1. For GLN260, what charge total do you get from the other residues with a beta carbon under 10 Å from its beta carbon, if Lys and Arg give +1 and Asp and Glu give -1?
2. When a/c reaches 1.5 or more, the comparison of a/b and b/c decides; with that in mind, is the stretch 128-216 rounded, prolate or oblate per its Cα gyration tensor?
3. Using a 1.4 Å probe on the protein heavy atoms, what percent of the accessible area of the stretch 153-287 belongs to carbon and sulfur?
4. Can you give the extra length, in nm with one decimal, that the chain gains between ALA72 and THR254 once fully stretched, where that is 0.36 nm per residue apart less the Cα-Cα distance?
Amino acid sequence: MKWIGNRQSDNVEDRRGMSGGGKAIAGGGAIAIVFFLIKAFFPQAAPFVDTIQQQQQQQTTQSSGEPVELTAEQKEAGDFAKTIFAYTEDTWGQIFKENGAQYEEPKLVLFSDAVETACGNATSASGPFYCPGDHKVYFDLEFMKELKTRFGAEGGDFATAYVIAHEVGHHIQTLLGTSTKMRQLQEGKTEAEANKLSVCLELQADFYAGVWAKYNKDYLEAGDIEEAISAANAVGDDAIQSKMQGHVNQETFTHGSSEQRIYWFKKGFQTGDIKQGDTFAQAGFSL
């Protein structure tokens with residue numbers, strides 16, 4: 001994706017190299033991804049995993065020292081993320097204005113290993129996430145390496161852009177009240193029904209990422225959309241479950257299948273129209 005020399009967002013907090021004075025937990029991102037997947041697909045093990053994560057975070061905090069200088073590669077990755085975040089600001093500012101509203105810009109927090117948020121303390125095991133409590137997107141960029149090496153995504157800079165755009169999509173849902181309505185609708189539902197609603201929310205964020213890509217088509221380079229599709233395919237619930245547990249259970253899906261995630265991203269990219277992204281209605285729900 002074309003980005004060098006373009007505006008970087010001022011709404012970015014770069015906390016990398018600060019957690020544990022740069023002394024990463026043994027296993028780093030690999031362990032983080034495993035913990036994240038265990039909690040997602042084996043919820044009965046979540047308390048045990050949380051205990052381990054808390055212990056690791058304490059160890060990281062106790063070993064804190066002077067901030068570690070980032071490598072040239074890490075600096076470039078951060079500059080890229082800041083530029084992509086600026087692209088999201090410009091795009092959603094334009095879309096909101098077109099619809100008679102004003103866009104409230106979120107913040108991006110780049111971190112390593114562990115981070116404090118308004119939604120509680122978190123580690124890299126959470127994967128990239130959005131916290132509605134402080135309107136911030138949290139991203140350990142090492143996640144992208146794991147996505148490629150462990151889960152078969154093609155990699156490339158646009159895979160990172162897709163993930164950032166997806167998380168900003170959750171910010172859009174917060175601003176529009178979609179997230180609150182979804183949680184209210186989950187109340188009293190069976191776990192399977194609640195999971196279906198969660199899937200709808202995630203697929204809509206994929207759709208918004210596609211809309212964002214459409215608005216930024218002039219910055220795209222050959223292979224960029226394929227990189228996003230590869231990433232979406234790698235993080236589909238069925239793909240992850242198949243790799244982690246050898247079988248697929250649709251009732252435990254929380255983010256959608258690979259096919260669904262690709263479909264909604266592509267629909268957003270093809271239409272560029274936020275009104276075409278009612279994933280809830282297609283699943284039979286009315287918010």
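The values are calculated or read from the model by the stated rules, or taken from the named source; none is laboratory data. Bear in mind that the values here come from a model prediction, so they are computed numbers and not experimental data. Here the Cβ positions follow ideal geometry from the backbone for every residue, glycine too, while neighbour counts run over all protein chains shown. These accessible areas exclude ligands, DNA and RNA; they are computed on the full protein's heavy atoms, side chains included. Shrake-Rupley method; radii C 1.70, N 1.55, O 1.52, S 1.80 Å.
1. Working: positive: ARG261; negative: GLU202, ASP206, ASP237, ASP238, GLU259.
Net charge in that neighbourhood comes out at -4.
2. prolate
3. On the way: 2640 of 5850 Å².
Accessible surface attributable to carbon and sulfur in the stretch 153-287 totals 45 percent.
4. Working: separation 182, 0.36 × 182 = 65.52 nm, distance 3.62 nm.
Net length gain for the segment: 61.9 nm.
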